[in-house]
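A.B. asks: What follows is a structure written as structure tokens; I'll ask about it next.
The values are calculated or read from the model by the stated rules, or taken from the named source; none is laboratory data. Since the structure is predicted, the reported quantities are computational estimates derived from the model, not experimental observations. Here the Cβ is made from the backbone with ideal geometry for all residues, glycine too, and neighbour counts use every protein chain on show.
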Amino acid sequence: MASQDWFEKDFYKTLGVSKDVSEAELKKTYRKLARQYHPDSNPGDAKAEARFKEISEAYSVLSDSAQRAEYDQVRAMGSGARFTAPGGSGGGSGGFEDVFGGMFGGGGRNAQYSYQQSQYDDLLGGLFGGGGGGRFGQSSGGYRGFGGPTPGQDVTASTTIDFVTAVKGDTVTLQTGEGRTIKVKIPAGVSDGQKIKLAGKGHPSPDGGAAGDLVLQVKVRPHPVFERDGNNLRVTVPVTFAEAVLGATIEVPTLGGDPVRLKVAPGTPSGRVLRVKGRGVTTKKATGDLLAEVQVAVPSHLSSEATEALMEFQKLGPHDNPRDELLQRARG
């Protein structure tokens, strides 16, 4: 559409709405008028066809927030204003059409309905039993090169799931802000902060197009025992002083399964990591391991007999200072 036409056309009046009309009311009004004047409902009626073009043109501008703002600004400049583009001749093909023509695909007046027919025939096709007939049933590329109705807006949301659900995967039920309930499949191995895209679960289209997507950000509650380390699971396993010194076979918990038995070699210090293959997080790409970190448990209370035995051990045991190497390295 040539932008100078905006000075001469009151789109709000064409649709019979106020300037502060909401998007929902605008859509409702347009659909009512479009039903009434659509060529398929008025075969051979030139006046109805012309009226349909007028309301379609008006809705195409007012339903687009950016265009609506531009239209309101142009109308606010005052009726009868004209501008000449640099190098133009004032009348002829210069002026607003040259200045703003690129914003509307060029083509001037003769092209102003090329996108409207395809856009609104797609929108209203379902109201008249399909694609219609003649020129109103054919798509010509849509507004600004995008054929068909406007897609719905995407929605961003977040949900918190437990640690086991994040690792194993599950289907959860969520409620949207509009009161809708949707089922979401949480894939195995989803991590804290990861986003899941659900096609078609966003806002519906304002004019019969495809619904938007739901982008769901997942938050994972911490587990009291396990921690996530990439695709590996970490767990801290306490052992007694005697088990660490003499060696032992101990039980280590797994996530959602039976414990596994691990061998602690004699002389195992705190911080050593024992690996259990394939008992970590399983995703489509890989399976991690279970990493059990040994921690020597120091008793806070000893009986008198145990204290005497430990003091005897200290007399008999190695007298090397375990901090010698640390002190030497600190001195450089």
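A.B. asks: If Glu25 meets every condition in (1) under 17 Å from Gly208 (Cα atoms); (2) surrounded by 18 or more Cβ atoms within 10 Å (Cβ to Cβ) apart from one, which number is that one?
C.D. replies: Exception for Glu25: condition (2).
A.B. asks: Take Asp289 and decide whether it is touching a residue at least 40 places away in the same chain (Cβ under 8 Å) and either among the small types (Gly, Ala, Ser) or out of contact with any Ser or Thr (no Cβ under 9 Å at 6 or more places or on another chain) (or both).
C.D. replies: Details: touching a residue at least 40 places away in the same chain (Cβ under 8 Å): yes; either among the small types (Gly, Ala, Ser) or out of contact with any Ser or Thr (no Cβ under 9 Å at 6 or more places or on another chain) (or both): yes.
Considered against the rule, which asks whether it is touching a residue at least 40 places away in the same chain (Cβ under 8 Å) and either among the small types (Gly, Ala, Ser) or out of contact with any Ser or Thr (no Cβ under 9 Å at 6 or more places or on another chain) (or both), Asp289 comes out as yes.
A.B. asks: Now, a different point. Here are some residues: Gln217, Gln194. Which one is without any contact (Cβ under 8 Å) to a residue 40 or more places away in the chain, out of contact with any helix residue (DSSP H, G or I) (no Cβ under 6 Å at 6 or more places or on another chain) and not hydrophobic (A, V, I, L, M, F, W, C)? Outline the logic, then answer.
C.D. replies: Details: Gln217 fails: without any contact (Cβ under 8 Å) to a residue 40 or more places away in the chain.
One residue alone meets the criteria, Gln194.
A.B. asks: From the residues in segment 267-276 that are loosely packed, with under 14 Cβ neighbours inside 10 Å and in contact with a strand residue (DSSP E or B) (Cβ under 9 Å, 6 or more places away or on another chain), which one is farthest from Val164 (Cα to Cα)? Steps first, answer last, please.
C.D. replies: Quick first cut of segment 267-276, residues loosely packed, with under 14 Cβ neighbours inside 10 Å only: 267, 269, 271, 273, 275.
Checking the rest, the ones that are also in contact with a strand residue (DSSP E or B) (Cβ under 9 Å, 6 or more places away or on another chain) come to 269, 271, 273, 275.
On the way: Pro269: 30, Gly271: 26, Val273: 23, Arg275: 20 Å.
Filtering segment 267-276 for residues that are loosely packed, with under 14 Cβ neighbours inside 10 Å and in contact with a strand residue (DSSP E or B) (Cβ under 9 Å, 6 or more places away or on another chain), the one farthest from Val164 (Cα to Cα) comes out as Pro269.
A.B. asks: Name the residue that is surrounded by the fewest Cβ atoms within 10 Å (Cβ to Cβ), counting only residues in segment 49-72 that are hydrophobic (A, V, I, L, M, F, W, C) and touching a residue at least 12 places away in the same chain (Cβ under 8 Å). Walk me through how you get there before you give the answer.
C.D. replies: Taking segment 49-72 as the starting set, the residues that turn out to be hydrophobic (A, V, I, L, M, F, W, C) are 50, 52, 55, 58, 61-62, 66, 69.
Add one more test, that the residue is touching a residue at least 12 places away in the same chain (Cβ under 8 Å), and what stays is 52, 55, 58, 61-62.
Details: Phe52: 25, Ile55: 23, Ala58: 25, Val61: 19, Leu62: 24.
Taking the candidates together, the pick is Val61.
A.B. asks: Which condition does Thr176 not pass, out of (1) out of contact with any Asp or Glu (no Cβ under 9 Å at 6 or more places or on another chain); (2) hydroxyl-bearing (Ser, Thr, Tyr); (3) modelled with pLDDT of 85 or more, if it passes all the others?
C.D. replies: (3)
A.B. asks: Test Thr268 against the stated conditions and say whether it is under 25 Å from Val190 (Cα atoms), of a type in the set (Ser, Thr, Tyr), in contact (Cβ under 8 Å) with a residue 12 or more places away in the chain and in the same structural domain as Leu310 (by TED's automatic domain parsing). Break it down into steps so the answer makes sense when it comes.
C.D. replies: Details: under 25 Å from Val190 (Cα atoms): no; of a type in the set (Ser, Thr, Tyr): yes; in contact (Cβ under 8 Å) with a residue 12 or more places away in the chain: yes; in the same structural domain as Leu310 (by TED's automatic domain parsing): yes.
Answer is no for this residue.
A.B. asks: A further question on this structure: Taking the residues in segment 300-332 that are farther than 21 Å from Thr240 by Cα and charged (D, E, K, R) as candidates, determine which candidate is surrounded by the fewest Cβ atoms within 10 Å (Cβ to Cβ).
C.D. replies: Arg331
A.B. asks: If you don't mind, another one. Give the number of residues within segment 252-267 that are over 20 Å from Arg228 (Cβ atoms) and of a type outside the set (Asp, Glu).
C.D. replies: 7
A.B. asks: Can you say whether Pro238 is surrounded by 10 or more Cβ atoms within 10 Å (Cβ to Cβ), in contact with a Pro (Cβ under 7 Å, 6 or more places away or on another chain) and within 15 Å of Phe226 (Cα to Cα), as far as the supplied structure shows? It would help to see each step written out before you state the result.
C.D. replies: Details: surrounded by 10 or more Cβ atoms within 10 Å (Cβ to Cβ): yes; in contact with a Pro (Cβ under 7 Å, 6 or more places away or on another chain): no; within 15 Å of Phe226 (Cα to Cα): yes.
So Pro238 does not fit the description; no.
A.B. asks: Please report, ordered by residue number, the strands (runs of 3 or more DSSP E) entirely within segment 149-222 with at least 3 residues that are under 25 Å from Ser65 (Cβ atoms) and in contact with a strand residue (DSSP E or B) (Cβ under 6 Å, 6 or more places away or on another chain).
C.D. replies: On the way: elements: 155-161, 170-175, 181-186, 195-198, 214-220.
Correct list: 155-161.
A.B. asks: Take the residues in segment 270-322 that are in a loop (DSSP other than H, G, I, E, B) and polar (S, T, N, Q), then tell me which one is farthest from the chain's Cα centre (by Cα). Give the steps one after another, and end with the answer.
C.D. replies: Here is the first cut: in segment 270-322, the ones in a loop (DSSP other than H, G, I, E, B) are 270-272, 277-281, 283-286, 288-289, 297-303, 317-322.
Filter once more, so that each one left must be polar (S, T, N, Q): 270, 283, 300, 303, 321.
On the way: Ser270: 43, Thr283: 21, Ser300: 51, Ser303: 60, Asn321: 58 Å.
Within segment 270-322, the match that is farthest from the chain's Cα centre (by Cα) is Ser303.
A.B. asks: Still on this model: Counting only residues that are under 38 Å from the mean Cα position of the chain (by Cα) and not in a strand (DSSP E or B), which one in segment 236-259 is modelled with the highest pLDDT?
C.D. replies: Selected residue: Leu255.
A.B. asks: Determine whether Arg221 is under 21 Å from Leu290 (Cβ atoms) and either surrounded by 15 or more Cβ atoms within 10 Å (Cβ to Cβ) or among the aliphatic types (A, V, I, L, M) (or both).
C.D. replies: Numbers: under 21 Å from Leu290 (Cβ atoms): yes; either surrounded by 15 or more Cβ atoms within 10 Å (Cβ to Cβ) or among the aliphatic types (A, V, I, L, M) (or both): no.
Here the answer is no, as Arg221 does not meet what is asked.
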